[in-house]
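Participant: Attaching a single structure in structure tokens format; questions to follow.
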Amino acid sequence: MKIGFDARLINETGVGRYIRNLLPLLIGKNKRNSWVVTVRGSERSILEESISPFIGQVKIIEVNARWHSFYEQLVIPFTFYKEGVDILHIPYINVPFFYFKRMVVTIHDLTVLTNKTGRASTLNPLFYSIKRLGYNFALKKALKSEFIFTVSYSVKNEILEKFPKIKSEKIIVTYNGLSALNKSRNIKLKKTINNYKPYFFYVGNAHPHKNLEFMVLTLDKFFQKFSGYKMIISGRNDYFMRRIFSIINKRKTKDNFIFVENPSDSDLYDYYKNSELVILPSLKEGFGMQILESMQTESLIVASNISAYKEVGNNLCTYFDPTSKRSFVLALHRTLKISKKEREDLFKRYRVHLKKFSWNDNAKQVLNTYVDNKSPRNKTLMISPGNESN
């Protein structure tokens, strides 16, 4: 079978992690398949490194078109038509409008669709409206794909709610797996972290739906009463993060907030591990990778009570209403009061729970779908909400 895969987002954060973990497993599981993979020239070395054991099965084609661009709508369908692939997998919403052969797509969330304000973009309102219009067209095309992979039942249910004509059977839930975070050997970092203790930790971007402004303003009041704690915010130093820190710099407790730019995975392990708790205040998510990473590093978790977080975290997190400062503060207090024995019991349950999230299982389900022209069912590889064993 000849399979096409668009890996141009391999160096991005969420979707990039998905591609870097899943694609090598997809290629390696069946050596009889051949692959055509598109990637931007600047990310070719990242792709080659990730699939190096199986490079002989893959034809890499450089396509220097940015996603959500007019140029990609010309070059991506042309490339895969020319290569004659049997099926094309687009791991993001940017599907080619003019591709009409077998295609599957992964939809990670519907955030752009549900967050309608221009605060989520640096574009002016006119261009943002045009971008949203393009996203809506792309989504409608994606929903016409032969099969749709979603990373949670939360996303699947949202699609079915908003687009009731879609058949449930064509939407297949394939949970993201967990990649190991290795301990850092950076002695200097360990000393730095010790100077920050005790601290809370957040890692991710600062887009409006992440709800960091709410978190910061609530913690400003909290730190005025409990000044010994600090808040480490880790992520990309972009427009949205600078906006959050411009708010922080006007607060009385500004010195309690610390920014760490894009730590390596090994450094990230230490930031998680040494925190008092991890805070996840999002208003909207498709999955909850930070929940799994927190569990892996035996960190306590305070998370918003959105459906995706509750699906991934089960009853192993302390949840709060992400619009209520009182609810958030109560969740902080409850978590900080967890005893040593309660922590040990919780961490044992973490280890059992993490076994349910496997890139290997994800890859098996995706490959089965490639070769099956009939509607696949969510089998035992998937976990239905409410059926988890604690």
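Nothing in this text is a laboratory measurement; each read-out follows from the coordinates by a stated rule. Note that this is a predicted model, so its numbers are computed, not measured. Reconstructed Cβ throughout: ideal geometry from the backbone, glycine too, with neighbour counts over all protein chains shown.
Participant: Please state the relative contact order of segment 187-354 as a whole percent: Cα pairs under 8 Å, 6+ residues apart?
Facilitator: Values: 246 pairs, mean separation 36.9, N = 168.
It rounds to 22 percent for segment 187-354.
Participant: OK, next. List the residues, sorted by chain then number, that are 5 or more residues from SER275 or on another chain and whose placed amide H is less than 5 Å from its amide H.
Facilitator: Here the answer is none, since no amide H 5 or more places off falls under 5 Å of that of SER275.
Participant: Can you run phi through the Karplus equation (6.51, -1.76, 1.60; θ = phi - 60°) for segment 138-155 and list ³J(HN,Hα) in whole Hz, with x for Gly and Pro?
Facilitator: 4, 5, 5, 5, 4, 5, 8, 4, 4, 9, 10, 8, 10, 8, 7, 5, 4, 5
Participant: Let me ask you something else. Only loop residues by DSSP count here, and only those with at most 15 other Cβ atoms within 10 Å; note down the GluC sites (Glu not before Pro) in segment 54-114 that meet that. Don't skip to the end; give the middle numbers.
Facilitator: Numbers: sites: GLU62, GLU72, GLU83; in loops: none.
Taking segment 54-114 and a limit of 15 other Cβ atoms within 10 Å, no loop GluC sites (Glu not before Pro) are found.
Participant: Related question: Could you tell me whether segment 187-354 comes out rounded, prolate or oblate from its Cα gyration tensor? Rule is a ≥ b ≥ c as square roots of the eigenvalues, rounded for a/c under 1.5, then prolate if a/b exceeds b/c, otherwise oblate.
Facilitator: Since a/c stays below 1.5, the shape of segment 187-354 is classed as rounded.
Participant: Same structure again: Find, among the trypsin sites (Lys or Arg not before Pro) in segment 286-351, those assigned to loop by DSSP (not H, G, I, E, B) with at most 14 other beta-carbon atoms within 10 angstrom.
Facilitator: Within segment 286-351, the qualifying trypsin sites (Lys or Arg not before Pro) (loop, at most 14 other Cβ atoms within 10 Å) are LYS337.
Participant: Short version: ³J(HN,Hα) in whole Hz for each residue of segment 42-57, in order, from phi by Karplus 6.51 cos²θ - 1.76 cosθ + 1.60 (θ = phi - 60°), x for Gly and Pro, what are they?
Facilitator: In residue order, the calculated couplings are 5, 10, 4, 5, 5, 5, 4, 5, 6, 10, 3, x, 10, 4, x, 8 Hz.
Participant: Within 10 Å of each residue's Cβ, count the other Cβ atoms and sort LEU110, LEU330 from fewest upward. Walk me through the numbers before you get to the answer.
Facilitator: Details: LEU110 21, LEU330 14.
Taking fewest neighbouring Cβ atoms as first place, the list is LEU330, LEU110.
Participant: By average Cβ neighbour count within 10 Å, what is the ranking of 280-287, 30-37 from highest down?
Facilitator: In decreasing order of mean packing, 280-287, 30-37 become 280-287, 30-37.
Participant: Now for a different question. Once the dipole of segment 148-250 is set up with Lys and Arg at +1 and Asp and Glu at -1 on Cβ about the Cα centre, which of ASN186, TYR202, TYR175 lies farthest towards its positive end?
Facilitator: Looking along the dipole axis, the top candidate is ASN186.
Participant: Could you check the spin-label model distance between ILE61 and ASP255? Points 7 Å from the Cα along Cα→Cβ, value in nm.
Facilitator: Spacing of the two 7 Å Cα→Cβ label points: 5.9 nm.
Participant: Test of understanding: what is the full-extension gain from LEU346 to LYS191, defined as 0.36 nm times their sequence separation minus their Cα-Cα distance?
Facilitator: 53.0 nm
Participant: Can you list the residues, at least 5 places off or on another chain, whose amide H is less than 5 Å from the amide H of GLY4, using H built in the peptide plane?
Facilitator: Answer set, sorted by chain and number: VAL36, ASP86, ILE87, LEU88, HIS89.
Participant: Related question: What residues qualify as long-range amide H neighbours of SER304, i.e. H under 5 Å apart, gap of 5 or more or another chain, H built at 1.01 Å from N?
Facilitator: LEU280, SER282, PHE320
Participant: Right, next: For segment 251-265, just list the computed ³J(HN,Hα) in residue order, Karplus coefficients 6.51, -1.76 and 1.60, θ = phi - 60°, integers in Hz, with x standing in for Gly and Pro.
Facilitator: 9, 5, 9, 4, 6, 7, 10, 10, 9, 10, 8, 6, x, 5, 4
Participant: Mind scanning LYS156/LYS364; LYS101/LYS310; LYS225/LYS340; LYS183/LYS348; LYS141/LYS183; LYS31/LYS82 and naming the pairs with a C-alpha gap bigger than 31 Å? Working shown, then result.
Facilitator: Working: LYS156/LYS364 19 Å; LYS101/LYS310 37 Å; LYS225/LYS340 24 Å; LYS183/LYS348 20 Å; LYS141/LYS183 43 Å; LYS31/LYS82 23 Å.
Over 31 Å apart, Cα to Cα: LYS101/LYS310; LYS141/LYS183.
Participant: Per 20 Å bin, what percent of the C-alpha pairs of the chain does each bin hold, from zero upward?
Facilitator: Answer for the chain: a P(r) of 26, 57, 16, 0 percent.
Participant: Which value, in debye to the nearest 20, describes the size of the charge dipole of segment 187-354 about its Cα centre when Lys and Arg Cβ atoms bear +1, Asp and Glu Cβ atoms bear -1, and nothing else is charged?
Facilitator: So the magnitude is around 620 debye.
Participant: Stretched out fully, how many nm does the piece from GLU48 to SER339 gain, at 0.36 nm a residue minus the Cα gap?
Facilitator: Extending this stretch completely gives an extra 100.1 nm.
Participant: If R₀ is 25 angstrom, what is the calculated FRET efficiency for the pair ILE247 and GLU12, using the beta carbon separation as r and rounding to 0.05?
Facilitator: 0.45
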